[in-house]
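Quick notes on the structure that follows.
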Amino acid sequence: MSDPVLTDVERIKANSRHLRGTLTASLDDPLTGAIADDDTQLSKFHGIYQQDDRDIRSERKRQRLEPAYSFMIRARIPGGVMTTGQWRAMDRIALKHANSTIRLTTRQAIQFHGVIKKNLKTSIAAINQSMLDTLAACGDVNRNVMAPPLPFLSEIHRAVQSHADALSTHLTPKTGAYHEIWLDGEKVESLQPDVEPIYGDTYLPRKFKTAFVVPPQNDTDVFAQDLGYVAIVESGQLVGYNVTVGGGMGMSHGEPATYPRLGEVLGFCTPEQVTAVAEAIVTTQRDFGDRTNRKHARLKYTIDDRGIDWFRGEVERRLDSRLGVPRPHAFVGNGDVYGWQQDDSGAWHYTLFVQNGRVADIADRRLLSGLRRIATTHDGEFRLTPNQNLIISNVPADKKDTIAALLSEYGIENSEQATQLRLNSMACVAFPTCALAMAESERYLPSLIDRLDELLAKVGLSGDAITIRMTGCPNGCARPYIAEIGLVGKGPGTYNLYLGAGFAGDRLGCLYRDNADENEIIAALSPLFAAYAGQRRDSERFGDFIIRQRVVREITAGRFFHEGPVDA
Ligand code: SRM
Ligand code: SF4
């Protein structure tokens with residue numbers, strides 16, 4: 001049998017000398033705003049994506065100019081916890097080197113857009129000076145580890161955050177390339193030949209994502225992750241975690257072999273086993289994940305191809321012990337809890353709605369300036385949520401009124417007019433920066449919600465929480481397949497509409513309308529809202545209602561995702 005043909009990215013990783021490639025030469029090349037092709041793959045491991053402004057792409061082409069290249073930088077922030085000093089540093093970078101906005105992501109990280117090549121090194125250095133970094137924010141490695149954004153709620157939350165931090169450190173690549181290229185560090189390669197004890201020379205077959213969660217709030221969307229830790233609390237003590245594996249959202253239109261999949265429970269582990277279990281799972285995926293086809297390379301396919309029992313056996317063999325029997329757990333929702341909350345020590349925390357994660361000064365709502373001012377006044381933390389929001393955290397009781405006054409002065413407090421639909425919405429970035437976007441998302445969802453809000457108001461549902469998420473392509477960056485209303489870009493102005501997902505992110509939606517434009521989306525949802533208002537059972541969620549009414553089929557596993565909307 002001939003050897004399998006590995007993907008091009010595998011060749012690039014193998015030849016990269018642990019992620020160095022020719023990045024230094026690319027950065028020094030004054031003739032282009034771009035970096036060499038192979039380096040565009042390697043830069044991702046350093047948290048950097050080459051992009052071009054898609055709004056002006058064809059005009060530049062017409063003028064025979066090279067595309068308007070710039071870079072997106074993603075800063076990795078485990079659990080989304082940052083000091084206000086760090087926020088001020090990010091704010092300075094946004095103003096000086098990026099497009100004067102900060103983008104909060106669906107994984108509790110921060111992105112800068114529009115950084116040109118000559119400003120890359122200065123920006124990365126500034127991020128590192130603030131004690132944050134960008135290494136492994138992207139690439140075929142474990143990404144930003146998520147943790148519940150409300151660690152102040154209990155001792156349990158604090159313990160979970162510390163496990164997330166420890167795991168994040170353990171799974172961070174050990175190559176000296178990052179330091180060398182971006183921070184002008186000493187070349188450590190020759191001193192340390194075996195630099196990647198967990199990943200090896202070719203890293204993982206594909207990206208890998210991890211989240212911790214504390215029930216009942218599934219605010220990190222644990223089932224969308226390759227690896228999840230669901231905290232189990234008994235008699236007020238954190239006794240361990242149910243370990244979930246094999247979640248992932250990405251798929252491609254028209255390719256049924258690709259599908260979103262929810263993570264499933266593999267077993268139970270104690271807090272002391274968290275790191276060892278992760279290492280056993282990551283190295284199993286490293287060794288068995290498909291390196292011949294990037295569309296089939298995520299852990300979800302390794303598990304579906306070989307079976308969960310095989311996977312458990314391999315993990316336990318590497319662990320040299322058995323996983324425990326899973327314990328019961330239950331979730332109630334996957335959204336954020338807004339406004340002021342007080343913790344057990346008396347400190348206050350304000351969860352601020354940030355529409356689609358974009359921190360910018362827009363008309364009277366001066367979010368960027370307001371948060372800068374608050375970060376100057378307030379000595380605590382900002383915490384980023386997986387729903388693209390921000391928590392002004394650890395506010396002493398005697399400072400609460402000052403912060404509230406600033407929120408009001410800058411026009412950024414949670415608006416009383418914001419409906420529950422809007423407060424439970426998310427959109428991915430898409431145009432103009434994302435190279436993969438097929439339709440608008442961040443720039444469009446707010447106006448679509450205006451129209452949907454009118455429908456909901458007519459049937460008296462404005463105060464009811466329904467989750468809605470939009471993405472500009474089927475990759476699923478805003479986790480649309482686990483929103484009760486999921487809209488996934490198909491072409492300019494058209495979207496696939498998915499319905500029937502669980503309010504707690506625990507059931508996939510099912511295709512209801514293919515390639516629908518705005519009017520078709522409105523026409524499809526209008527009668528369903530009316531029916532829901534009139535016929536729902538007590539506290540029945542919209543997604544559950546849709547399934548009970550058999551509007552769409554209940555999707556019980558990712559591999560059934562593409563079976564038609566209703567039973568034949
Ligand atoms: Fe994502 C690729 C933005 C969370 C699945 N994602 C991209 C890129 C880098 C486009 C590219 O490859 O050229 C997007 C950059 C857009 C831009 O201009 O900024 C991008 N993804 C984002 C962010 C910023 C969306 C947001 O609006 O917040 C999120 C950054 C998270 C972070 O801080 O690390 C983001 N991406 C996600 C999530 C959600 C999650 O992780 O919980 C998913 C679905 C979960 C999953 O991974 O299965 C996700 N992104 C993808 C995929 C599909 C992966 C797959 O298995 O098929 C791609 C494309 C790829 O990898 O080939 C992608
Ligand atoms: Fe880009 Fe698609 Fe991700 Fe949206 S879902 S940011 S369009 S890759």
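The values are calculated or read from the model by the stated rules, or taken from the named source; none is laboratory data. Every value quoted in this text rests on a predicted model; they were computed, and no experiment measured them. A quick note on method: Cβ atoms are made from the backbone with ideal geometry, for glycine too, and the neighbour counts reach across all protein chains shown. Each accessible area value is taken on the protein alone, full model and side chains, heavy atoms only, with ligands, DNA and RNA left out. Shrake-Rupley method; radii C 1.70, N 1.55, O 1.52, S 1.80 Å.
Residues in the stretch 310-326 carry Karplus couplings, in order, of 4, 4, 4, x, 5, 5, 5, 4, 5, 7, 6, 6, 8, 6, x, 6, x Hz; the curve used is 6.51 cos²θ - 1.76 cosθ + 1.60 with θ = phi - 60°, and Gly or Pro positions show x. Note on Asp201/Glu409: beta-carbon distance plugged into 1/(1 + (r/R0)^6) with R0 of 56 Å gives a FRET efficiency of 0.55. Once the chain from Arg62 to Ser447 is taken as fully extended at 0.36 nm per residue, the excess over their C-alpha distance is 135.4 nm.
Along the axis of the charge dipole computed for the chain (Cβ charges of +1 for Lys and Arg, -1 for Asp and Glu, origin at the Cα centre), the listed residues Ala68, Val213, Gly491 are led at the positive end by Ala68. Could you tell me the center-to-center distance, by alpha carbons, between the stretch 1-71 and the stretch 472-512 in angstrom? Between the Cα centre of the stretch 1-71 and that of the stretch 472-512, the gap is 30 Å. Distance from the C-alpha centroid of the stretch 350-412 to that of the stretch 72-128: 17 Å, rounded to the whole angstrom. Note down the Stokes-Einstein diffusion coefficient of the stretch 419-524 in µm²/s, whole number, using a Kirkwood radius over alpha carbon pairs, 10 °C, and 1.306 mPa s. Estimated via Stokes-Einstein, D reaches 119 µm²/s.
Packing here is the average count of other Cβ atoms within 10 Å per residue, and on that basis the peptides 529-542, 437-450, highest first, run 437-450, 529-542. For the chain, the dipole from Cβ point charges (+1 on Lys and Arg, -1 on Asp and Glu) about the Cα centre works out to 760 debye, to the nearest 20. Considering the stretch 518-568 at the alpha-carbon level, its Rg and Dmax are found to be 12.4, 34 Å. So how much slack lies between Ile362 and Thr24, counting 0.36 nm per residue of separation and subtracting their Cα-Cα distance, in nm? Gain on extension, Ile362 to Thr24, equals 117.9 nm. Annotation: extensible slack from Ala457 through His170 equals 98.4 nm (criterion: 0.36 nm per residue apart, minus Cα-Cα distance).
Just tell me which lysines come within less than 27 Å, Cα to Cα, of Lys118; anything on the same chain fewer than 8 places away is out. Partners within reach: Lys13, Lys44, Lys61, Lys96, Lys174, Lys187.
With the Cα gyration tensor of the chain in hand, convert its eigenvalues to equivalent ellipsoid semi-axes via √(5λ) and list them largest first in whole Å. In descending order the semi-axes read 33, 29, 27 Å. Roughly how many Å² of Asp140 are accessible to a 1.4 Å probe, to the nearest 10? Solvent-accessible area, nearest 10 Å²: 10 Å².
Phe268 contributes about 10 Å² of solvent-accessible surface, heavy atoms of the protein only, 1.4 Å probe. Taking the Cα centre of the stretch 518-566 as origin and assigning +1 to Lys and Arg Cβ atoms and -1 to Asp and Glu Cβ atoms, the resulting dipole is close to 200 debye.
Across the chain, the mean sequence separation of Cα contacts (distance under 8 Å, 6 or more residues apart), normalised by length, yields a relative contact order of 12 percent.
Once the Cβ-Cβ distance of Arg327 and Thr377 is raised to the sixth power relative to R0 = 35 Å, the FRET efficiency obtained is 0.20. The residue list His170, Ser26, Ile93 was ranked by how far each Cα lies along the charge dipole of the chain toward its positive end, using unit charges on Cβ atoms, and Ser26 comes out on top. By the Cβ rule of 4.7 Å, the chain holds the following cysteines without a possible disulfide partner: Cys138, Cys269, Cys434, Cys473, Cys510.
Approximating the spin labels as points 7 Å out from Cα along Cα→Cβ, the Arg17-to-Ser539 distance works out to 6.2 nm. Here the stretch 346-486 is treated with +1 on each Lys and Arg Cβ and -1 on each Asp and Glu Cβ, and its dipole about the Cα centre works out to around 300 debye.
As an equivalent ellipsoid, the stretch 186-301 spans semi-axes of 27, 23, 11 angstrom, where each value is the square root of five times an eigenvalue of the C-alpha gyration tensor, largest first.
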